[in-house]
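A.B. asks: Take this structure, written in structure tokens, and hold onto it; I'll ask about it next.
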Amino acid sequence: MILTTAATGFISAYHARADLVADHQDWSPTIVIVATDSGETISLQVEHGRIVALHEQALPGTLVITSDSATLQDILEFRLNPNEPYVFGDLTVQGAEADFLRLDYIVTVLCPS
């Protein structure tokens with residue numbers, strides 16, 4: 001439930017940035033987010049740059065992001081830029097590099113400095 005709540009806020013913030021959504025209108029991944037400590041898993045279904053569904057289960061994912069629930073919550077709520085936990089191995093990403101780079105760009109733009 002923690003990830004679902006945090007992702008809901010993330011989705012609202014992302015959709016509020018029409019420029020970001022427009023920049024990614026050719027992007028339609030499914031992003032699976034897995035909390036290693038709690039087992040909570042959510043999937044974000046993106047179609048033409050818009051997040052159209054949030055599922056409280058794992059779907060076949062284009063990107064699979066894994067970390068502990070506190071780190072994932074901090075990233076989704078813009079308290080933590082994902083680069084640091086990624087560099088130190090506390091956050092892992094499986095999937096195509098192009099998809100990872102797009103998601104990293106979106107989160108970095110939304111995350112205050």
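A.B. asks: In this structure, is V46 farther than 17 Å from V109 by Cβ, at pLDDT 95 or above and surrounded by 14 or more Cβ atoms within 10 Å (Cβ to Cβ)?
C.D. replies: no
A.B. asks: So, one more: Name every residue in segment 76-113 that is out of contact with any Gly (no Cβ under 8 Å at 6 or more places or on another chain) and in contact (Cβ under 8 Å) with a residue 60 or more places away in the chain, in order of residue number.
C.D. replies: Residues satisfying the conditions are F78, D99, R102, L103, I106, V109, L110.
A.B. asks: In this structure, does L80 turn out to be surrounded by 17 or more Cβ atoms within 10 Å (Cβ to Cβ), in contact with a Ser or Thr (Cβ under 8 Å, 6 or more places away or on another chain) and aliphatic (A, V, I, L, M)?
C.D. replies: yes
A.B. asks: Additional query: Can you name the condition, by its number, that Q57 falls short on among (1) within 15 Å of R102 (Cα to Cα); (2) over 14 Å from the mean Cα position of the chain (by Cα); (3) free of Cβ contacts under 8 Å to residues at least 24 places away in the same chain?
C.D. replies: Condition not satisfied by Q57: (1).
Here's the yes/no breakdown for (1) under 18 Å from Q94 (Cβ atoms); (2) in a loop (DSSP other than H, G, I, E, B); (3) of a type in the set (K, R):
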{"site": "L3", "(1), (2), (3)": "yes, no, no"}
{"site": "A6", "(1), (2), (3)": "no, no, no"}
{"site": "F10", "(1), (2), (3)": "no, no, no"}
{"site": "L44", "(1), (2), (3)": "yes, no, no"}
{"site": "P60", "(1), (2), (3)": "yes, yes, no"}
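The values are calculated or read from the model by the stated rules, or taken from the named source; none is laboratory data. Please read these numbers as outputs of a predicted model, since none were measured by experiment. All Cβ positions, even for glycine, are placed from backbone atoms using ideal geometry, and neighbour counts span all protein chains on display.
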